[in-house]
Amino acid sequence: MKITLPDESIKELPKGVTGLDVAESIGPGLAKSAIAVSIDGIQKDLSDPINSDCSLSVITLDSEEGLEIMRHTIAAQVLALAIKNIYPDAKLAIGPTIENGFYYDFLTENTISTEDLPKIEKEMKKIIAGKSEIKKSFHNKKDATGIFKKISENYKVEIIKESDQIDEFQIYKNLDTDFIDLCRGPHLPSLSQIGVFKLTKVSGAYWKGDSSNEMLTRIYGTAWRNKKELDEYLTQLEEAEKRDHRRIGKDLDLFSIQEDAGGGLVFWHPKGSRIRSQIEQYWKTEHEKGGYEILYTPHIALDTLWQTSGHTDFYEESMYTPIEDENQSYRLKPMNCPFHVLIYKDKLRSYRDLPIRWAELGTVYRHEMTGALHGLMRVRGFTQDDAHIFCSEDQIESEISEILELAINMLNKFTFTEFEIHLATRPEKYVGSEAIWDKATAALIKALEEKNLSYELDAGGGAFYGPKIDIKIKDAIGRLWQCSTIQLDFNLPERFDMRYVGSDGKKYHPIMIHRALLGSVERFFGILVEHFAGKFPLWLAPVQVCVMPINQKQHDYADSVYKILKKNGLRVEIDLRNEKIGSKIRDHTLNKVPYMIVLGDREVCDEEITIRTQKGEDLGNMKVESFLKKLSEEISN
C-alpha cells in the first residue's frame, strides 16, 4: 500500500496500519507530537486503520487544524463531562467548534449563568489533570441507538435516527470514567495534550435552531495552545467589547433596531445616514469610473422567477414565504441576480456588447432566526453592494483582474490593508463542463498571481455553479471579516437561456460573474464602527467640525464661521448652549467630532479660529481659509 506524504515521498506500508504507525515510520519526534492525520483531505483519528493508497499528512497542535481538534476535544470530552458531573440530570445535545473556540448545548432543569462558569471551569481542570486516554469505537445504527437509549441521552438518539448512515457511528470514551459521547471526531488521543482554556459566556439556544423545540443552555469557551495565546485573545475580546458597534451606534446616535417593527430591521438615524451616504457616493463614483452602470430593481417578484433561478430549490429556508395577490404568488427578493438576468434578456446581445457590467445597491431580505440576529452583522433586510458582469470565456481573466484591483483599492480607502484570500475550486457536484471549470479556475489563479496576491486553496469549496474568490479583511485589532466575494456562474445563464451572438453568427451562453466588494452596506458599516472604534476618518465623520463660542458675545462670529464651513460642503454643527467651554469640548470629544473650533474675544478681534482635535491636540490659531485648505487636503489624502 502506497502512502504519499506532503513532501511527495512515498511510504510502502501494509494495509491496516494506523495514522500513528505512519507518524512513527517518519520519526519518533513526529509520532510524539501527532494528534491526528489527514487522509486524502479528510481528518481521521490516529487509531483509524488505513486500507488503500492515499495521500496523508500528520496533524500536530502547531497547526490550525490541530488547534481546532483540541477545541473539539475540550467541548466533547471535557466540558460535556464536567456538565454531567455537576448537573447529573443534564441531557447532552451538540458541542461543535466555532471560530476561536467551542460551545456545548444541553438541557437541564438548573438555571445556569455566568456566575456558574468558574465552578464548571474548576471541574474541567480536574478532568484534564487526570490525563485520561480517549478511545474510539465504531457501531452500527441499531447498536449506537441502543447505547444512548440506555443512558437516556435522547438528543444523541435523535441524531443517530435522523442520520443517513447505517454503520460507523463513532463513540468516544474517556478511559478513566464511564463517560461516552457521539462525535464525528477526530479527538486528541489523550487529555494530556490539552492546552489552556476559558469559558466565556452562557446563552440560550433552541434545539436544531427551531423555536418550536426546547430551549437549551449553551456554554461558550475558547482554547489555545498556551497562556500567552489565551491572554492575547482575551485582550482582543476586551478591546472588541469596547468597540461593539451596537453600543457605539447607540452612544453616537447612528442607528437602531426597532423591535416594534420587527427584529433584524435597521433604522438609520441622521448621523448614521450621513456616513452611509458617503460610503454609497464613493461606491458609485468608483464603479462608474470602473465602467459599471447602475441599476435599480424591484423588491418583490413572482415566485416562478425564484423557481427558474433555483433559489426555491437550494435557498428556500432563507426566503420569506410567498405573498398571494390576484391569484399570483410573489416573494421578497433574497438576491438581486435574477433581476439583472431579466434586464440582460430584455434584448438580444452581441459579442460587441460584452463585457456588460451592472451594479446595484439592492436591498434584499433573508429569513433569519431571532437567535441568529446580531446588530448590523446579521439582519433580515440589508443592502448588497451587488454587481454582475456578463462576458465571454476569453474575457474572464481580464474581468477578474479588474475586479480584484477595484476591491483592493476600495478596501484600502477604508484603511484595510491586510487580507486573507481563498480560492474555492470545483466541488463533487457541479454544473458545466470540466473544461470550462478548469479554464475559469486557471483564470482566477492567473489574476491573483498577476496582482501578487497570496491565497489559500479551498479545494472543492466552490459553489455548484462555479469557482470563487473570497477576500477577508483584517481590522484594527486583528479580527478577520469576510467581505468581498467573486463568483463565476455557469448555471444561471443556462437556466434562463441567456444568449449573445458571437462573431461567427452563432449564439452562446455568456459567463456570469457575481461579485460584492463590501458585502452589505449594513454589515460593512458595523465593521467600520468597530474598526475605527467610532472615531471615523474626516471624510466619513458624520460631524466633521463643531463651532463653539465661549459665551454669547461670540455668537454672531460663530454663526458666520459656521456658515462659511457649511457653504464649503463640510458637515458642521454649532454649539450655542449656555455651558462652560470645557463641558462643550468634553461632550463633542465623547461624540468623536474630529475638529472643534473654540471662539473667544481674541478670535473675534483677530478674525481667526482656534482649533482643537478629537485627540486633545491644540492646533493653535489660524484663518478660516487656512483651516479649509487643511481639511480639504486631509479629505483628499
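Before moving on, here are some points about what is shown:
So that you can scan it fast, the table gives a plain yes or no per residue for (1) modelled with pLDDT of 95 or more; (2) over 14 Å from the mean Cα position of the chain (by Cα); (3) not aliphatic (A, V, I, L, M):
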position	(1), (2), (3)
473	yes, no, no
489	no, yes, yes
506	yes, yes, yes
528	yes, no, no
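- The range 43-60 residues that are more than 22 Å from residue 193 (Cα to Cα), paired with ones that are assigned to a strand (DSSP E or B) and of a type in the set (D, E, K, R) (beta carbon under 8 Å, 6 or more apart): 53/2
- Counted residues, the range 473-490 - those being touching a Ser or Thr at 6+ places or on another chain (Cβ under 9 Å), open to solvent by 10 Å² or more (accessible area, probe 1.4 Å) and under 22 Å from residue 335 (Cβ atoms): 1
- The strands (runs of 3 or more DSSP E) found wholly in the range 1-59 and carrying at least 1 residues that are of a type outside the set (S, T, N, Q) and surrounded by fewer than 16 Cβ atoms within 10 Å (Cβ to Cβ) occupy 2-4, 10-12, 42-45.
- Selection of the range 387-431 for residues being among the small types (Gly, Ala, Ser), assigned to a helix (DSSP H, G or I) and open to solvent by 10 Å² or more (accessible area, probe 1.4 Å) yields 398, 401.
- Identity of the residue in the range 147-167, over 18 Å from residue 76 (Cβ atoms) and in contact with a strand residue (DSSP E or B) (Cβ under 9 Å, 6 or more places away or on another chain), that ends up most open to solvent (accessible area, probe 1.4 Å): 167
- Scanning the range 349-368 for residues that are small (Gly, Ala, Ser) and within 16 Å of residue 311 (Cβ to Cβ) turns up just one, 362.
- The residues of the range 153-178 that are of a type outside the set (A, V, I, L, M) and in a loop (DSSP other than H, G, I, E, B), listed by number, are 153, 163, 164, 165, 167, 168, 176, 177, 178.
- Close pairs (7 angstrom Cβ cut-off, 6 or more residues apart or separate chains): more than 26 Å from residue 272 (Cβ to Cβ) and acidic (Asp, Glu) in the range 577-592, open to solvent by less than 60 Å² (accessible area, probe 1.4 Å) and part of a loop (DSSP other than H, G, I, E, B) anywhere: none
- Selection of first residues in the range 239-264 that are among the β-branched types (Val, Ile, Thr) and of second residues that are in a helix (DSSP H, G or I) and crowded, with 17+ Cβ neighbours inside 10 Å, restricted to Cβ pairs under 9 Å at least 6 apart or on distinct chains, gives the following pairs, ordered by first then second residue: 248/529; 248/530; 257/246.
- Condition check for residue 288: open to solvent by 30 Å² or more (accessible area, probe 1.4 Å) and modelled with pLDDT under 95: no
- Taking residues in the range 89-112 that are within 17 Å of residue 213 (Cβ to Cβ), and partners anywhere that are of a type in the set (Gly, Ala, Ser) and part of a strand (DSSP E or B), the pairs with Cβ atoms closer than 6 Å and at least 6 places apart or on different chains are 105/205.
- Test result for residue 300, open to solvent by less than 80 Å² (accessible area, probe 1.4 Å) and in contact (Cβ under 8 Å) with a residue 40 or more places away in the chain: no
- Count of the range 555-602 residues which are acidic (Asp, Glu) and in contact with a Ser or Thr (Cβ under 8 Å, 6 or more places away or on another chain): 0
- The C-beta contact set for the range 617-636 (first residue within 15 Å of residue 596 (Cα to Cα), second residue hydroxyl-bearing (Ser, Thr, Tyr) and surrounded by 15 or more Cβ atoms within 10 Å (Cβ to Cβ), distance under 6 angstrom, 6+ apart or interchain) comprises 621/610.
- When residues of the range 376-386 are limited to those that are in contact with a strand residue (DSSP E or B) (Cβ under 7 Å, 6 or more places away or on another chain) and over 16 Å from residue 516 (Cα atoms), the one most open to solvent (accessible area, probe 1.4 Å): 380
- Residue pairs meeting the criteria (Cβ under 9 Å; at least 6 apart or on separate chains; first closer than 14 Å to residue 390 by Cβ and touching a residue at least 12 places away in the same chain (Cβ under 8 Å), in the range 495-510; second assigned to a loop (DSSP other than H, G, I, E, B) and among the aromatic types (Phe, Trp, Tyr)): 509/490
- Residue match in the range 368-389 (condition: at pLDDT below 95, under 30 Å from residue 212 (Cα atoms) and of a type in the set (Ser, Thr, Tyr)): yes
- Selection status of residue 364, open to solvent by less than 40 Å² (accessible area, probe 1.4 Å), in contact (Cβ under 8 Å) with a residue 60 or more places away in the chain and out of contact with any Leu (no Cβ under 6 Å at 6 or more places or on another chain): no
- Qualifying residue in the range 265-272 (condition: in contact with a Gly (Cβ under 9 Å, 6 or more places away or on another chain) and part of a helix (DSSP H, G or I)): yes
- Considered as a group, the residues in the range 235-259 that are β-branched (Val, Ile, Thr) and either more than 19 Å from residue 276 (Cα to Cα) or open to solvent by less than 20 Å² (accessible area, probe 1.4 Å) (or both) include one that is modelled with the lowest pLDDT, and that residue is 235.
- Residues satisfying the stated conditions in the range 197-219, i.e. outside any strand (DSSP E or B) and touching a helix residue (DSSP H, G or I) at 6+ places or on another chain (Cβ under 8 Å): 207, 209, 211, 213, 214
- Among the residues making up the range 137-146, a single one is open to solvent by less than 20 Å² (accessible area, probe 1.4 Å) and within 20 Å of residue 186 (Cβ to Cβ): 144.
- In summary, helices (runs of 4 or more DSSP H) completely within the range 521-637 and bearing 2 or more residues that are open to solvent by less than 40 Å² (accessible area, probe 1.4 Å) occur at 521-532, 555-567, 581-590, 624-636.
- Top-ranked residue of the range 89-127 - restricted to ones that are β-branched (Val, Ile, Thr) and in a helix (DSSP H, G or I), ranked as farthest from residue 192 (Cα to Cα): 114
- Residues (modelled with pLDDT of 95 or more and surrounded by fewer than 15 Cβ atoms within 10 Å (Cβ to Cβ)) located in the range 260-272: 267, 270
- Looking across 172, 206, 220, one residue alone is of a type in the set (Phe, Trp, Tyr), under 22 Å from residue 65 (Cα atoms) and either open to solvent by 40 Å² or more (accessible area, probe 1.4 Å) or within 26 Å of the chain's Cα centre (by Cα) (or both). It is 220.
The values are calculated or read from the model by the stated rules, or taken from the named source; none is laboratory data. Please read these numbers as outputs of a predicted model, since none were measured by experiment. Don't worry about glycine lacking a Cβ; one is built from the backbone with ideal geometry, like all the others, and counts go over all protein chains shown. Note: areas computed on protein heavy atoms with side chains; ligands, DNA, RNA excluded. Shrake-Rupley method; radii C 1.70, N 1.55, O 1.52, S 1.80 Å.
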